[in-house]
Structure formats: C-alpha cells, structure tokens
Amino acid sequence: MKIAYITLGCKVNQYETQAIEQMLNDAGHATVGEDEADVVVVNTCAVTAESARKSRQAARRALKSNPNAKLVVCGCASQADAESMRAIGADYVGGAGERAAVVDYINSLASGDTAADECLPSPRERTVIERLPAGAFDGHARAYLKVQDGCGNFCSYCIIPYLRGPVRSLPPAEAASMAKALAEKGYREIVLTGIEVSSYGEDIGSSFAELVEAVAGAAYPARIRLGSIEPSRMDEDCVKRLAALDNLCPHFHLSLQSGSAGVLKRMNRKYTPDEYAAVADNLRKYFDDPALTTDLIVGFPGETDAEHAESLDFLRRIGFAAVHVFPYSKREGTAAARMAGHLENAVKERRAHEAAAVTGECRRAYLARQVGRTLSVLFESDGGGHSENYLEVAADGARGEVKPVRITAVGKDGVLVGEVADA
C-alpha cells in the first residue's frame, strides 16, 4: 500500500512517525505524497488547545485532499478526544502509545481485513516503554533515539501526563546498543529524546547521567545531543559527568516557562529562578560557553506586570542562545484552566512581543561571541549545517560530513558564516 504521513508537535512525535514509516516500509509499503496515498497517517499533538485544533484541521484537510484514502490518526490529540477524530471521519483512532498497533492495522488493510480493533488504552495502563526502531527520515544526517516516555511532573498548565502516562525508560544497555547501530549506519549525530528525558531511569533504578554515558560511549565518535531537560534534575554531579564526554554536544534546552518565582509556583514547577540560575552557572562552569536554550510562557493566569518584568529580567540574567516564546494557551482538563485571572489575548500577545525582543538581544550577543571560534559542523546539506552548540552555519562542506569551521561573521539572518579549518 501507499502511505502518506503528517506529523504535528514535538520531536518525540517526529521520532514516532519515522518509526511507523520504517516499520511499514519494512513490511513492503511505500511512502508517497498525500494525493497518491491509500492511507494517510496523522500523528497529532495536544500540548496546547491550539495544537489540538491544528491536529483536527490537519485530519480534515487530509480527508478533503484525498477522500478515497483511509485516514489513520494517532498521538496526543486523539488520546485526549478520540470521539472528535471519529466525528471527522477517521477510519482508525490510536492514542499516544501503541504505535505498533497502527502498523498492524495498516498491514491488516493490505491483507483485506478492514475490521481490526482500535488500540486506545488508558495512559495509566502503560507501564513499559514501547520498543520502536530508531532512525531518521530519509536523507537526514541526524537520527533520533527515544529513550523515555511519560511524565510525572503534572505542571498546572500541561495535559501531557494525563495523555502519555507515567515515566517509562529504555534500559541503558538497550539504548546503547541502538545508538551503536545508528552510528554504524553512518549517522553522525544522535538526539536522545523523550517526553521528559531527564526523568529517565526513575522507573528502572537508573539515572540520566548513566544513560548518556552508556550511549555516548557506544556511539563514539558520533555526536550525542540531548532533548529538553528539567533543571530540577541537573545537579552538579550530573553536569560534571556529562562534561567528561567528548562527543556530547554543548547545547542544553533547559526548560524554564517563567522567570518569576510566583508564576513558577502557580505553574507547579519544581524550582525557583535562583535554583535555575545555579544550574545554568554549573553548565557554564564545566562547558565552554554552551548554548542554553529554553521555552517561555507569557501571560499565565494571574501574571502581573511586575511578574512579567521579572521574567524579562531573568532572560537577560541568563543570556539564552535562543528562546521559544509562547502566549499562555488555556488547556481544558488542567489545573491552570480552572485558575482565576486569565488574561486577555491582547495582553498575552504584547508580552510575547516584549519577551521576543529581549530574547533577540540575548541571541545576537551569543552569536557575536562565536566569531573567531572554531566550531564542529554537521553538514545536513551541501554548504550548510549545525554546529555542536546547535547554531546554523554556512560553509563549504558536503552533506553528511562533520568539519571544523572557523566562524568569520554573523549573517543578516542569524546564520553564522565560516571557513573550513584544517583538521
């Protein structure tokens, strides 16, 4: 059969879509565009109400563009509201797990069986991580390895723990074996990903540092890049152990959400601004000017002008290399949705604009510090790629190569310009 794929949301969803694609290709199916497909798979997102809306929109658009195709939806939005997906016209609704069941359903279609049951268990029933093949979409030089699923943080604005279920981890030896196989296939960089990857191991008596050490050793010299990290789990011992790994990329997406102590408490985050700053200081102590990136939510319920100003000051204090700024989005089913003090959209948009201006200043300062440095660049296309600290670089290199590049300038679009240095 001919299969098309649409993915919304996070890197975990990207990973899971490529895993579904790989399993279906191994079973003899072909990947095609939406217009040619016998089956369209939509992997959905529900991290915000807007994400869920876009997921439903994508499903409707897929049906409209190819009404003869079977529509298969899976992911967090369908876990949250399976009935709305069925109402749209989905032929099969899966949840935020059991991706192998999606493959089984499509294989059953190919054999003429159209009555396969949906697999949509309660997230609480998920106690073991689902084994999926690691890899990348065709033509990519960077591969993803999912080592963790689920979350137990229950931040007041987030519905994901209710959809993904409890923390489940891939054993270190198994993760290391998969990473080694990816390196042997020629991937020059492996991204460790998960819903809350730094909570890795709490279900199996292991630790995040142990995992990264095992994977980095097995995949050497391939670069290892980390997904989003919770600062409350990054103590100094963990940072020291990570800094001892030669092939770990010095890029840390350290989840923030707010720079105000009051807002963080209402969000049910597990740290204060000062504790967050201590983690940033340790990363800079053991790594040479690493890229610190983060996410920021502005306009959280009850956020005052003074608390917003605290967040802006904190952005300047840390000096992030990049920040994704999001206006707060009400998500039904969360504690924050029931809070008083929801702000008007105009206020949230203004604060998002102000935060973006500050983060732009911080990013320009970080980019300027790269001029004169020699960075290791993975070329994802001829003439361009990303450095170990995840900055886009333009230089003379071929796709798939990793080369040292001396940075000579910052381009107008924020892309670093450089010359390949002698190895």
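The values are calculated or read from the model by the stated rules, or taken from the named source; none is laboratory data. These numbers come from a predicted model, not from an experiment. Cβ atoms come from the backbone with ideal geometry, glycine included; neighbour counts cover every protein chain shown.
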Could you tell me whether any residue of segment 40-51 is closer than 23 Å to residue 161 by Cα, touching a strand residue (DSSP E or B) at 6+ places or on another chain (Cβ under 7 Å) and of a type outside the set (S, T, N, Q)? yes
Could you identify the single residue in 338, 406, 399, 350 that is assigned by TED's automatic domain parsing to the domain that holds residue 287, out of contact with any helix residue (DSSP H, G or I) (no Cβ under 9 Å at 6 or more places or on another chain) and farther than 24 Å from residue 312 by Cα? 338
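If only one of 170, 120, 132 is closer than 17 Å to residue 211 by Cα and not small (Gly, Ala, Ser), which one is it? Steps first, please.
Values: 120 fails: closer than 17 Å to residue 211 by Cα; 132 fails: closer than 17 Å to residue 211 by Cα.
Answer to the selection: 170.
Table: residues versus (1) part of a loop (DSSP other than H, G, I, E, B); (2) touching a Lys or Arg at 6+ places or on another chain (Cβ under 7 Å); (3) modelled with pLDDT of 85 or more; (4) buried (at least 16 other Cβ atoms within 10 Å of the Cβ).
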residue: 97; (1), (2), (3), (4): yes, yes, yes, yes
residue: 101; (1), (2), (3), (4): no, no, yes, yes
residue: 105; (1), (2), (3), (4): no, no, yes, yes
residue: 108; (1), (2), (3), (4): no, no, yes, no
residue: 115; (1), (2), (3), (4): yes, no, no, no
residue: 118; (1), (2), (3), (4): yes, no, no, yes
residue: 124; (1), (2), (3), (4): no, no, no, no
residue: 130; (1), (2), (3), (4): yes, yes, yes, yes
residue: 139; (1), (2), (3), (4): yes, no, no, no
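Would you point out the residue of segment 208-229, among those that are assigned to a loop (DSSP other than H, G, I, E, B) and at pLDDT 95 or above, that is surrounded by the most Cβ atoms within 10 Å (Cβ to Cβ)? I'd like the intermediate steps shown before the answer.
Within segment 208-229, the first condition is being assigned to a loop (DSSP other than H, G, I, E, B), and the residues that meet it are 220-222, 227-228.
Next cut, at pLDDT 95 or above only: 220-222.
Working: 220: 15, 221: 10, 222: 24.
Of everything passing the filter in segment 208-229, 222 is surrounded by the most Cβ atoms within 10 Å (Cβ to Cβ).
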Residue pairs within 7 Å by beta carbon, gap of at least six or interchain, first lying in segment 290-310 and in a loop (DSSP other than H, G, I, E, B) and at pLDDT 95 or above, second buried (at least 21 other Cβ atoms within 10 Å of the Cβ) and of a type in the set (S, T, N, Q), listed first then second, are 290/389; 300/258
Kindly evaluate residue 166 against the criterion of being touching a residue at least 12 places away in the same chain (Cβ under 8 Å), part of a loop (DSSP other than H, G, I, E, B) and out of contact with any Ser or Thr (no Cβ under 9 Å at 6 or more places or on another chain). no
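For (1) of a type in the set (D, E, K, R); (2) more than 17 Å from the chain's Cα centre (by Cα); (3) at positive phi; (4) not assigned by TED's automatic domain parsing to the domain that holds residue 338, each residue gets a yes or a no:
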residue: 104; (1), (2), (3), (4): yes, yes, no, yes
residue: 169; (1), (2), (3), (4): no, no, no, no
residue: 180; (1), (2), (3), (4): yes, yes, no, no
residue: 186; (1), (2), (3), (4): no, yes, yes, no
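Per-residue answers, yes or no, for (1) among the polar types (S, T, N, Q); (2) under 30 Å from residue 381 (Cβ atoms); (3) in contact with a helix residue (DSSP H, G or I) (Cβ under 8 Å, 6 or more places away or on another chain); (4) in contact (Cβ under 8 Å) with a residue 12 or more places away in the chain:
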| site | (1), (2), (3), (4) |
| --- | --- |
| 120 | no, no, yes, yes |
| 125 | no, no, no, yes |
| 129 | no, no, no, yes |
| 188 | no, yes, no, yes |
| 191 | no, yes, yes, yes |
| 204 | no, no, no, yes |
| 212 | no, yes, yes, yes |
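If you take just the strands (runs of 3 or more DSSP E) that sit entirely in segment 1-77, which of them hold at least 1 residues that are within 26 Å of residue 131 (Cα to Cα) and among the hydroxyl-bearing types (Ser, Thr, Tyr)? Reasoning before the result, please.
Working: elements: 2-7, 39-44, 70-75.
Of the strands (runs of 3 or more DSSP E) lying wholly inside segment 1-77, those with at least 1 residues that are within 26 Å of residue 131 (Cα to Cα) and among the hydroxyl-bearing types (Ser, Thr, Tyr) span 2-7, 39-44.
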Unmet criterion (only one of (1) farther than 30 Å from residue 300 by Cα; (2) over 20 Å from the mean Cα position of the chain (by Cα)) for residue 141: (2)
Out of curiosity, is residue 236 farther than 25 Å from residue 123 by Cα and at pLDDT 95 or above? yes
Identify the single condition in (1) crowded, with 16+ Cβ neighbours inside 10 Å; (2) of a type in the set (Gly, Ala, Ser); (3) not assigned by TED's automatic domain parsing to the domain that holds residue 415 that residue 387 does not satisfy, given that it satisfies every other one. (3)
Take segment 154-187 and flag every residue that is over 23 Å from residue 75 (Cβ atoms), buried (at least 21 other Cβ atoms within 10 Å of the Cβ) and of a type outside the set (A, V, I, L, M, F, W, C). 172, 187
Applying the selection to segment 325-346, what residues are in contact with a His (Cβ under 9 Å, 6 or more places away or on another chain) and either part of a loop (DSSP other than H, G, I, E, B) or farther than 16 Å from residue 263 by Cα (or both)? 328, 330
